[in-house]
Amino acid sequence: MGKRRAGRELLRSLSKKQKKHLREFGEEHPFYDKLLLLLLLHSCFPFQSEDSDKSSAESDSETEVEQVSGYHKLLATLKTSPESESEEEEDESESEEAEESEAEMDSEGSQETGEAEGGEEDKNDVPEEEEATDTAEQILSQEQADGTRDTSCDPRHGVIEDFTDVKHESEFSLETNFMEEESGDCNADKRDSNPFKQHMDKELEDKEIKKMSTLPKTSSQSQWPRLGQLIFSSTLEKHKTLKADKEFDVKQLHLHKPLESTWPRVNKQFLSSVDKPTDSPFTPLQRELFCIMNSYRDLFYPERNALTNGEEIRHAYCLHALNHVLKANAQVLSNNAKRRDRKPGTDTDDCRDQGLTRPKVLMIVPFRECALRVVHTFISLLEVNDKKKIDVSNKKRFKGEFGSDPEEKPPNLKRPEDYEAVFAGNIDDHFRIGVAILQKSMRLYAPFYSSDIIIASPLGIRTVIGAEGEKKRDFDFLSSIEILIIDQADIYLMQNWEHVLHLMKHINLLPLDSHGVDFSRVRMLNLNNWSKYYRQTLLFSALQDPQINSVFNKHCFNYGGQVAVRNVPLTGSISHVVVQLPHVFRRLEAESVTSVIDARFQFFVDKVLPEYRDAIMSHTLIYVPSYFDYVRLRNYFKKEDLNFTHICEYTKKAAVCRARRFFLKGEKQFLLFTERFHFYKRYTIKGIRNLIFYELPTYSHFYSEICNMLKATDNGVDATWTCTVLYSKYDAQKLAAVVGIDRTAQMLQSKKNVHLFVTGDN
């Protein structure tokens, strides 16, 4: 509010002619001095701080884009009427009052805190659609403008210009540097058993490429001690079966020289929790995961848990990515020395060791905190001991932008442990950063075309790729990605899955520009546009979901094959329901997966909703996983003039408080409640007597969480509690995660409704 009021005061100093010209033409009249407006923009939107750790090398283009973006905000304030200004102030004051009243209403600490808005903006720049003509395009554009709380107040959101380190360009150039004798194990990289060399040096034939493009994959199953049931699939004939090694020496993994000594020290923190201590520097989970990673097969692991094994997995894939980059760079630097010492006119075709662009590894992570941990792991793996520190450029700036202030977290919060683990630290989801690694040095904020590793969020990479028709877009840097790591893929379902699909469509395409590449050093696989058949994809998620499975099955073409972990849940999350509650699972029929959306809506309107229209069925919460379904239901409820209120990820603070209060007191019969709101807030909704799951939750543990909210009601009316769940045959995975595999098989075979009565003992 302070900046906005300061801007209005400065605007009053402009003459009427200046204001009129600014409104009509979007720029000041050339007759007037530009200094006044520049001062106005600077005072309203102070983009550049005077902190000493901010690099003076920020490009002029960044400042220019920021000013343009701020200029549009200035125009928005000019167009705002006095009435709307007063309404905004009233709404903010109402929001503050609502917070106070909510704190009194919810003694369990579920007041609005604004600590983790990933899919919602507390300041609510995105209003709810109020008309019945909502379209998918409107909703999608709203979600794309969403992001996290940090990006909602960032004037550069969507047209972001990153700071890039230009100062250290020559120091980290692969073309002008040579291998130091003590820094790399060149001889080890030449051995035939080296997995990196085996994978990258294999020359595929045209008939093999055609086979992979047309024929279906053949699959086989295997049972591993820690990972469980694995599905191996490949198009090429009879690949060597991969077996889990119970024990192996670190030297057998062909790690690059510094990693052999640093990995046991870095990974020591996880070995203390192992039941049977061994001399192995890997935990049982890491050992089996790294065995697959090091074979350069694609991997899908859907059992990542932020509380238990999340950091274990992060360390394992960081080791693999860093090992790949060090080996690739060592090969280039070694060949540089060969070319330097070679006589002119000698054939140089044996030095093909690069892609069309330099970036080799792309790591997709959901929040800045995740990127911070990845970079810290890289630094730890590169530092042999406390005395031999590596040189990390722009480290102070990186900590400032990707770190978090402990004082920002509001006190006395009561949230589930998994929530605290996922939303720890800086949860901004709009970022990207290039990392260059050369022997004993690391360069943060490297330009993408000078980077070895790119760490980004889906939204951050999406704004660089752009959309068709946009003038400023770039995806050439994705042309030669050799390892793609997508961590915590389930969170992107809560953010915007379209960003992930957009990335997969633009990765490993031929670049539109040469970007100064030496074509005599480019591998033939890149020149033939076969990069996608050599790319390894590592996909980690907390759950199995059809959309995630689709990416793994349809966008991964690794000639080495794929490995997917496919364990079935024996017991579902329904066993964690602690209240005595009858569960009714109602099956709906649909002809295809595309028609199930309309079939579900019609089934709900015709058969489920009429049973709850009676006033005796008050306090009914309808849990809706999809925002599209939520909009459709909300518009229908308005059309039918039903007594309801609604909460979604875009609902303002004050509206959330009012909706919860109305629902608790029974003034509103229905409450429409979206899954994304629950994911980002995890409030305890009081006053529930009847539950309707319009669709099974994406996260199975949300089912028991929502059901257990009924115990927050102290009316002693347990006998009237009900829970109704809608499902179809296409919800088999979600159903198994809730009720277990045995019950799922029975329910899918039977077309009747299933009644389950769960007590706290189950």
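Quick one: net charge around residue 443, please, counting Lys, Arg +1 and Asp, Glu -1 for every other residue with C-beta under 13 Å from its C-beta. Walk me through the numbers on the way to the answer.
Values: positive: 167, 358, 395, 397, 440; negative: 165, 169, 171, 391, 452.
It works out to a net charge of 0.
Going through the cross-link list 414/652; 639/681; 607/686, which pairs have a Cα-Cα distance over 24 Å in this structure?
Result: 639/681; 607/686 exceed 24 Å.
Could you pull out the pairs from 257/338; 210/327; 243/729 whose alpha carbons sit more than 32 Å apart here?
243/729
Can you list the HN-Hα couplings for the stretch 369-378, worked out from phi with the Karplus curve (6.51, -1.76, 1.60; θ = phi - 60°), rounded to whole Hz and with x for Gly and Pro?
Each residue's phi maps through the Karplus curve to give 4, 5, 5, 4, 5, 5, 5, 4, 5, 4 Hz.
Taking a 1.4 Å probe, which of 629, 598, 350 shows the most accessible area, and what order do the others take after it?
On the way: 629 15, 598 85, 350 110 Å².
The ranking, largest first, comes out as 350, 598, 629.
If you roll a 1.4 angstrom probe over the protein chains with everything in place, what fraction of the accessible area of the stretch 573-759 belongs to carbon and sulfur, to the nearest %?
The value for the stretch 573-759 is 51 percent carbon and sulfur by accessible area.
Accessible surface of residue 551 in the full protein assembly, 1.4 angstrom probe, to the nearest 10 Å²?
Result for residue 551: roughly 0 Å² accessible.
Quick check: residue separation of residue 440 and residue 339 times 0.36 nm, minus the Cα distance between them. What number comes out in nm?
Values: separation 101, 0.36 × 101 = 36.36 nm, distance 2.27 nm.
Between residue 440 and residue 339, full extension yields 34.1 nm more.
Could you derive backbone 3J(HN,Hα) for the stretch 441-456 from the dihedral phi with the Karplus parameters 6.51, -1.76 and 1.60 (θ = phi - 60°), listing whole Hz in sequence and x where the residue is Gly or Pro?
Here the 3J(HN,Hα) series is 9, 10, 10, 8, 6, 6, x, 4, 7, 10, 9, 9, 10, 10, 10, 8 Hz.
Just grab the label-to-label distance for residue 223 and residue 606, each label 7 Å out from Cα along the Cβ direction, in nm (one decimal).
About 4.6 nm separates the two model spin labels.
Restricting attention to the stretch 608-678, which GluC sites (Glu not before Pro) occupy a DSSP loop and are surrounded by at most 11 other Cβ atoms within 10 Å?
Answer in residue order: 640.
What does the accessible area per residue of the stretch 573-759 come to in Å², with a 1.4 Å probe and no ligands, DNA or RNA counted?
39 Å²
Find how many whole Å separate the alpha carbon centroid of the stretch 610-649 from the alpha carbon centroid of the stretch 289-361.
52 Å
Counting other Cβ atoms within 10 Å, which GluC sites (Glu not before Pro) in the stretch 436-487 have at most 13 and lie in a DSSP loop?
Answer in residue order: 468, 470.
Suppose every Lys and Arg Cβ carries +1 and every Asp and Glu Cβ carries -1, with no other charges. What dipole size does the stretch 573-759 come out with about its Cα centre, to the nearest 20 debye?
About 560 debye.
Can you order the peptides 699-705, 442-448, 739-745 by their average number of other Cβ atoms within 10 Å per residue, highest first?
The densest-packed peptide leads the list: 442-448, 699-705, 739-745.
The values are calculated or read from the model by the stated rules, or taken from the named source; none is laboratory data. Here the structure is a predicted model, which is why all the values come from computation and not from measurement. Neighbour counts are summed over all protein chains in view; Cβ atoms, including those assigned to glycine, are modelled from backbone coordinates with ideal geometry. Side chains included, ligands, DNA and RNA excluded: accessible areas come from the protein's heavy atoms. Shrake-Rupley method; radii C 1.70, N 1.55, O 1.52, S 1.80 Å.
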